[in-house]
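Let me begin by presenting the structure, written as structure tokens, before commenting on it.
What follows is calculated from the coordinates using simple rules that are stated; it is not laboratory data. As the structure is a prediction and not an experimental result, all values here were calculated from the model. Ideal geometry is used to build each Cβ from the backbone, glycine not excepted, and the neighbour counts take in all protein chains shown.
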Amino acid sequence: MSRMLSYGMVGGGKGSLIGPAHRRAIAMDGKAALCAGCFSRKEETNRQTGEEWGLDADRIYKDYIEMAAAEKNRPDGIDFVVIVTPNVSHYIIARTFLEAGIAVVCDKPLAMSVEEARQLCALAEQKELLFMVTYVYSGYTAVKQIRSMVEQGTIGRIRTIVGEYPQGWLAKEDMTGNRQAAWRLDPEQAGRSNTLADIGTHIENTVHRMTGLSIRRLMARMECTVPGRKLDDNSAVWVEYENGASGAYWASQIAIGHDNGLRIRIYGEKGSLHWFQEEGEKLLYYMEDGSRMEIHRGDAVIDSRAAAYDRMPGGHSEGWFGALANHYCNYIDCLCAQKAGEPYREKMDFPDVNDGLSGMQFIEACVESQEKGNVWIVLEE
Ligand SMILES: NC(=O)c1ccc[n+]([C@@H]2O[C@H](COP(=O)([O-])OP(=O)(O)OC[C@H]3O[C@@H](n4cnc5c(N)ncnc54)[C@H](O)[C@@H]3O)[C@@H](O)[C@H]2O)c1
């Protein structure tokens, strides 16, 4: 069964970064319409954003508490909520909607602590509500193709993985007036990490979804390179996976010259797979003899599970928006199936609340490693 769903949004007011991108990605496939929201704590911004997106005045709410209570009781209430506020409020907003029986999509990092993340996992399971955490990059067809090639044993047992995510936008000492920087560098609003929480978790999750591997232990060095900062802006992490393979991650926001340079290289005993987000529609496969194959979205060799997401023939870039839209497509299809009493678990192909928990375990272990003098920390099961 497939019908147009309705959704609401918390955060994502005019001038914010990621909320408007979510709205555009959802609109791409026309499977859900924005019907309710609390986009900002500022009354004027909230109202203007709701009006701009065509909402009825009575569904532009003053806060998320009022919104959850009202939507829960409407016969045409929202099917899911999208949470795109700064990190500090993810947990309480997600919990409020889950308790109201409304499915949740939340941006990363899921919460401020492992404990909060565990509570959300338990609540989502107890209420049987689908919960997506928008680690965008596993939505790329090329990333799904890497997952298939790893599963099929194309590169054999994985030996080592290198992941990096350099950005340069926080290199300036004075970031006055930049709203995204203001909360990301404030421990009260961002949590115990800036860079590792903001983009290091993208490395952790993309590697996990490409390979299925989870981290067994890690050692982190988190640096504040700009004087006066309370949270990391340049961090490196050594990791060891459950299969004994090693990994090295670097996440930086003071790397001048880089925009969103997420790059993952996976080295196995029979070959290697390389993916670079800024050219995200292709991947490189190196064979044992060093010869290489460049595989593009749209090529006939792309696995049918990955190719099923294509909207356009290869060569017409779908990019980051297409990747986020892919997650929403799958999430909404699963939600429709669940509502119709049809099987949906085997269709689920989006990062969920457990991915969010793993991200929090990664952040907390990195902080513990740093605080104890860059020692190895074993991650909790
Ligand atoms: N998945 C990704 O690739 C990605 C990329 C960027 C940001 N993010 C995540 O998205 C979240 C938002 O980041 P951003 O850069 O868009 O921040 P932002 O500061 O640009 O926007 C935050 C918005 O939330 C609103 N807001 C804050 N508290 C609110 C509340 N209690 N109720 C209603 N609205 C509220 C603000 O008014 C603002 O409109 C963060 O958790 C961030 O880590 C994820």
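Tell me the GluC sites (Glu not before Pro) within the stretch 269-305 that lie in a loop according to DSSP and have at most 16 other beta-carbon atoms within 10 Å.
Working: sites: Glu269, Glu278, Glu279, Glu281, Glu288, Glu294; in loops: Glu269, Glu281, Glu288.
Those satisfying the criteria are Glu269, Glu288.
Would you report the distance distribution of C-alpha pairs in the chain as whole percents per 10 angstrom bin, up to the bin with the largest distance?
Histogram of Cα-Cα distances, whole percents per bin: 5, 23, 33, 27, 11, 1, 0.
Select from the stretch 117-184 those GluC sites (Glu not before Pro) which occupy a DSSP coil region and have at most 14 other Cβ atoms within 10 Å, ordered by residue number. Could you put the intermediate results ahead of the total?
Details: sites: Glu125, Glu128, Glu151, Glu164, Glu173; in loops: Glu128, Glu173.
Answer in residue order: Glu128, Glu173.
With a cap of 14 neighbouring Cβ atoms within 10 Å, and only residues DSSP puts in a loop, list the trypsin sites (Lys or Arg not before Pro) found in the stretch 186-256. Walk me through the numbers before you get to the answer.
On the way: sites: Arg192, Arg209, Arg216, Arg217, Arg221, Arg229, Lys230; in loops: Arg192, Arg229, Lys230.
Sparse-neighbourhood loop trypsin sites (Lys or Arg not before Pro): Lys230.
For a quick protection proxy, order the peptides 100-113, 309-322 by their average other-Cβ count within 10 Å, most packed first.
Details: 100-113: 23.4, 309-322: 15.4.
Ranking the peptides 100-113, 309-322 by packing returns 100-113, 309-322.
Listed here are the pairs Lys282/Lys339; Lys31/Lys127; Lys62/Lys339; Lys108/Lys270; which of them are more than 26 Å apart at the Cα? If you can, show how the numbers build up before the last one.
Values: Lys282/Lys339 36 Å; Lys31/Lys127 24 Å; Lys62/Lys339 29 Å; Lys108/Lys270 34 Å.
Among Lys282/Lys339; Lys31/Lys127; Lys62/Lys339; Lys108/Lys270, the Cα-Cα distance tops 26 Å for Lys282/Lys339; Lys62/Lys339; Lys108/Lys270.
If you take every DSSP beta bridge fully contained in the chain, what fraction is antiparallel? Give it as a percent rounded to 5.
On the way: 38 of 64 bridges.
Taking every DSSP beta bridge with both residues in the chain, the antiparallel ones total about 60 percent.
Considering only C-alpha atoms, what is the centroid distance from the stretch 122-170 to the stretch 178-228, in Å?
Using only Cα atoms to place each centre, the spacing works out to 16 Å.
Would you mind calculating the relative contact order of the stretch 5-129 from Cα pairs under 8 angstrom and at least 6 residues apart, reporting the percent as a whole number? Present the calculation step by step, with values, prior to reporting the outcome.
On the way: 205 pairs, mean separation 29.2, N = 125.
Value for the stretch 5-129: 23 percent.
Got the relative contact order for the stretch 220-349 handy, in percent, Cα pairs under 8 Å and 6 or more residues apart? Display every interim value, and only then the final one.
Details: 153 pairs, mean separation 12.8, N = 130.
The value is 10 percent.
Kindly put Tyr61, Tyr331 in sequence by how many other C-beta atoms sit within 10 Å of each C-beta, fewest to most.
Values: Tyr61 22, Tyr331 26.
With the fewest neighbours first, Tyr61, Tyr331 line up as Tyr61, Tyr331.
May I ask you to derive the relative contact order of the chain, considering only C-alpha pairs under 8 Å and at least 6 residues apart, and to give it as an integer percent? Before the final figure, lay out each step's value.
Working: 808 pairs, mean separation 75.2, N = 381.
Relative contact order of the chain: 20 percent.
In vacuo Debye scattering of the stretch 5-129, one point per C-alpha: log10 I(q)/I(0) at q = 0.09, 0.13, 0.15 Å⁻¹?
These q points yield log10 I(q)/I(0) values of -0.22, -0.46, -0.62.
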